[in-house]
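The values are calculated or read from the model by the stated rules, or taken from the named source; none is laboratory data. Source: prediction; values computed, not measured. Note that each Cβ is placed from the backbone with ideal geometry, even for glycine, and that neighbours are counted across all protein chains shown.
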Amino acid sequence: MIEVKNITKIYKTGDFETVALKNVSFSVRDGEFVAIMGPSGSGKSTLMHLLGALDTPTSGEYLLDGKNVAKLSEDELADIRNEKIGFVFQQFNLLPRATVFRNVMLPLVYAGVERDKREERAKKALVSAALPEDWWQHHSNELSGGQIQRVAIARALVNNPTLILADEPTGNLDSKTGEIVLATFQRLHQEGRTIVLITHELYVAEHAERIMHIRDGEIKEDGKNHSRRIVHHPAAE
């Protein structure tokens, strides 16, 4: 699904240059669950923006399903972000006075999907995100952090993307609640989703089947996770 070839990303401010990524190369297979781990300033967030087609590299190539992202038009990039990629962020970015159900349906409203189909897809996404139906008509500001993050996951799933990009998805959660959210990602992976998760914490990365370590804009280690943490059946809070 993902092929990154010798990507470099340089940010310029006047005469000053910051090299965020240096000749990064790797691939991610369909259905793989990969964690990209690194400290603050390592380049992992820059890499996430590139993988999400939110930015383009200074040099090198990023192929998504065989297409060179840098050569696509703005409309084509928008279509990829809307149809192929689901984003889950540390900041939940939900509308606090809208219901859970409305928050999940919003991307479909913007996409012009008919109401009946919007509701059907929102229900399916919420079930996949393991949020009990009792909470669907609550406003998002009435939910706990873990419940809100599962709403955000449902919103990312509502367009049925093949790739889920999660940027520090447990960063605002306590460890117990974070485990519930990570169990949700593991179940989505078992259902065949491709997941790339960005984190700076080893215990979070250990929930993936493969861990890449990035430091100073370079991939330092990349291999199968032999001590994988498996969490079963996330419970409702």
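Return yes or no: is Glu142 under 28 Å from Ile10 (Cβ atoms) and touching a Phe, Trp or Tyr at 6+ places or on another chain (Cβ under 9 Å)? Spell out the reasoning first.
Working: under 28 Å from Ile10 (Cβ atoms): no; touching a Phe, Trp or Tyr at 6+ places or on another chain (Cβ under 9 Å): yes.
For Glu142, the condition - under 28 Å from Ile10 (Cβ atoms) and touching a Phe, Trp or Tyr at 6+ places or on another chain (Cβ under 9 Å) - is not met.
In the range 153-180, of all residues being hydrophobic (A, V, I, L, M, F, W, C) and at pLDDT below 90, the one that is nearest to Val28 (Cα to Cα) corresponds to Ile180. Consider the range 181-197 and keep the residues that are under 12 Å from the mean Cα position of the chain (by Cα) and either at pLDDT 95 or above or of a type in the set (D, E, K, R) (or both). The one that is farthest from Ile211 (Cα to Cα) is Arg193.
May I ask you to verify whether Glu179 is of a type in the set (Asp, Glu) and farther than 19 Å from Gly223 by Cα? Considered against the rule, which asks whether it is of a type in the set (Asp, Glu) and farther than 19 Å from Gly223 by Cα, Glu179 comes out as yes.
Residues in the range 179-189 that are out of contact with any helix residue (DSSP H, G or I) (no Cβ under 7 Å at 6 or more places or on another chain) and surrounded by 23 or more Cβ atoms within 10 Å (Cβ to Cβ): Phe185 alone. Within the range 214-222, is there a residue that is of a type in the set (A, V, I, L, M, F, W, C), buried (at least 22 other Cβ atoms within 10 Å of the Cβ), over 16 Å from the mean Cα position of the chain (by Cα) and assigned to a strand (DSSP E or B)? Scanning the range 214-222, I find at least one residue that is of a type in the set (A, V, I, L, M, F, W, C), buried (at least 22 other Cβ atoms within 10 Å of the Cβ), over 16 Å from the mean Cα position of the chain (by Cα) and assigned to a strand (DSSP E or B), so the answer is yes. Can you find even one residue in the range 197-211 that is surrounded by fewer than 16 Cβ atoms within 10 Å (Cβ to Cβ), within 22 Å of Ser25 (Cβ to Cβ) and among the basic types (Lys, Arg)? No, there is no match, as no residue in the range 197-211 is surrounded by fewer than 16 Cβ atoms within 10 Å (Cβ to Cβ), within 22 Å of Ser25 (Cβ to Cβ) and among the basic types (Lys, Arg). Applying a threshold of 9 Å to beta carbon distances and a minimum spacing of six or more residues, or different chains, the list of pairs starting in the range 87-110 at a residue that is of a type in the set (D, E, K, R) and ending at one that is part of a loop (DSSP other than H, G, I, E, B) and surrounded by 12 or more Cβ atoms within 10 Å (Cβ to Cβ) reads Arg102/Leu95. Sub-7 Å Cβ pairs linking a first residue in the range 113-130 that is touching a residue at least 12 places away in the same chain (Cβ under 8 Å) and on the phi < 0 side of the Ramachandran plot to a second residue that is surrounded by fewer than 20 Cβ atoms within 10 Å (Cβ to Cβ) and not aromatic (Phe, Trp, Tyr), at least 6 apart or interchain, are Arg118/Val109, ordered by first then second residue.
Residue by residue through the range 192-224, note down the ones that are small (Gly, Ala, Ser) and within 20 Å of Leu64 (Cα to Cα).
Gly192
Within the range 168-179, residues that are over 15 Å from Phe87 (Cα atoms) have Cβ atoms under 6 Å from residues that are buried (at least 19 other Cβ atoms within 10 Å of the Cβ) and among the β-branched types (Val, Ile, Thr) in these pairs: Gly178/Thr170, counting only partners at least 6 apart in sequence or on another chain. Being of a type outside the set (Lys, Arg) and closer than 18 Å to Glu32 by Cα narrows it down to one of His189, His139, His232, so name that one. Result: His189 is the single residue among His189, His139, His232 that is of a type outside the set (Lys, Arg) and closer than 18 Å to Glu32 by Cα.
For the structure I just gave you, tell me whether Ile80 is touching a residue at least 12 places away in the same chain (Cβ under 8 Å), touching a Leu at 6+ places or on another chain (Cβ under 7 Å), more than 28 Å from Gln149 (Cβ to Cβ) and aliphatic (A, V, I, L, M). Let's see the steps before the verdict.
Details: touching a residue at least 12 places away in the same chain (Cβ under 8 Å): yes; touching a Leu at 6+ places or on another chain (Cβ under 7 Å): yes; more than 28 Å from Gln149 (Cβ to Cβ): no; aliphatic (A, V, I, L, M): yes.
The answer is no for Ile80.
Of the residues making up the range 25-59, those that are in a strand (DSSP E or B) and more than 12 Å from the chain's Cα centre (by Cα) number 6. Scanning the range 1-24 for residues that are over 16 Å from Ser45 (Cα atoms), free of Cβ contacts under 8 Å to residues at least 24 places away in the same chain and in a strand (DSSP E or B) yields Lys12, Thr13, Phe16, Glu17.
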